[in-house]
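The values are calculated or read from the model by the stated rules, or taken from the named source; none is laboratory data. For clarity, every value in this text was computed on a predicted model and none was experimentally measured. We place every Cβ from the backbone using ideal geometry, glycine too, and count neighbours over all the protein chains shown. With ligands, DNA and RNA removed, areas are computed over all heavy atoms of the protein, side chains included. Shrake-Rupley method; radii C 1.70, N 1.55, O 1.52, S 1.80 Å.
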Amino acid sequence: MAFSSLYLSKSSTTEALWVSDCRIIHGCCIQMPAARIRFQHRSAGVRSKRHTGRLSVRAAGTETDKTKPNAPEVTPSDTRSSAVNQLLGMKGAGKETDKWKIRLQLTKPVTWAPLIWGVLCGAAASGNFHWTIEDVAKSITCMLMAGPFLTGYTQTINDWYDREIDAINEPYRPIPSGAISEPEVITQIWVLLLGGIGLAYTLDVWAGHSFPTIFCLSLGGALLSYIYSAPPLKLKQSGWIGNYALGSSYIALPWWASQALFGTLSWDVVVLTLLYSTAGLGIAIVNDFKSIEGDRAMGLQSLPVAFGIDTAKWICIGSIDLTQLSVAGYLFATGKLYYALALLGLITPQIIFQASAQPFFVLGLLVTALATSH
């Protein structure tokens, strides 16, 4: 599904027509590079030897013959939602000088939700979660570990190693704009990493584990985050491997940690969640659409760059829908008929209404978790 937005900017000497393309992919609006059609004309009474105006088409933001990136040079702070976007770490954030708000922006709180949901699914899959004060406190601590600390670490370190790309795509972000210094960023990375690992060890002690399962999962997740963003491996340079790594860290890792916290992490659940992470690959592709220009300039082979926008869109949709159909088939084969039917009931509108698929997908995760608990 796609739509185009159009607006006109006028002055006494220039008219500029901007055309941008925005595609809806599984509930996310992805803004594509814009083109500006500039019409320059001479005012009445000014003599011209051959004509009174000329029509030229330039890339957005291009004022000279030298091509420049299509990203805005300043933060779009004139939008009403810019302050909210800043706090959530979303594109279109307003300019901020408060260091604590900038630090929060780097952690991208909007990305914590999938990890928190993964913790909820793991608790449901364990079959041992009870609505007691202790279990609720454990789950909240696990959510803090997976969301603000370890996801915050992941997002901050990713922004640090992506600062050259962000200078092209989003130059108003905190690091490329200079709103936060290098020592401050490095300090934040270490505080979030050590805090997350410390909470993981605390949860192992709290659960009475003889082997520190959650601690090891947090170390593995932190390592995966590092090699995803940092050279020499920099997994994100490969569209397939990088997006699967990102998908598994959003779906499998928080689920495993929570299930280990409240019960036993079995191999069949490990395999099932790794399969579900293929759907996470499709969700990860959505993030690549906003960075096409920067990825291309820096030589990163994201799937939209490697295959083009339309093909990447169908890879995104297919990986999500086919994965869930496979999981429904697995539930049916293992005798979980009603859960399989419930999952199919969620997949059907997801396939029909691709633009509103995310709520059906996350509910499907919970249905699968409940199925594995019985």
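Each part gets one Cα centre, and for region 180-232 versus region 92-144 those centres are 15 Å apart. For region 287-350, the carbon plus sulfur part of the accessible surface works out to 65%, probe radius 1.4 Å. Each part gets one Cα centre, and for region 266-298 versus region 320-371 those centres are 18 Å apart.
Treating r as the C-beta distance of residue 187 and residue 95 and R0 as 35 Å, the FRET efficiency rounds to 0.95. Accessible area per residue was computed with a 1.4 Å probe on protein heavy atoms; residue 172 scores about 40 Å².
Annotation for residue 358 and residue 134: the two label points, set 7 Å from Cα along the Cα-Cβ direction, are 3.7 nm apart.
Convex hull volume of the Cα atoms of region 266-373, normalised per residue: 100 Å³. Once you order the gyration tensor axes a ≥ b ≥ c over the Cα atoms, which shape class does region 92-265 get: rounded for a/c under 1.5, otherwise prolate or oblate by comparing a/b with b/c? Judged from the Cα gyration tensor, region 92-265 comes out prolate (a/c at least 1.5, a/b above b/c).
Once you charge only the Cβ atoms, +1 for Lys and Arg and -1 for Asp and Glu, what is the size of the charge dipole of region 266-373 about its Cα centre, to the nearest 20 debye?
Working: 4 positive and 6 negative charges, 29 e Å.
About 140 debye.
The charge dipole of region 92-265, taken about its Cα centre with unit charges on the Cβ of Lys, Arg, Asp and Glu (plus for the first two, minus for the last two), comes to roughly 120 debye.
Highest first, please rank the peptides 335-342, 233-240 by the mean number of other Cβ atoms sitting within 10 Å of their residues.
Working: 335-342: 15.8, 233-240: 18.2.
For the peptides 335-342, 233-240, the packing ranking is 233-240, 335-342.
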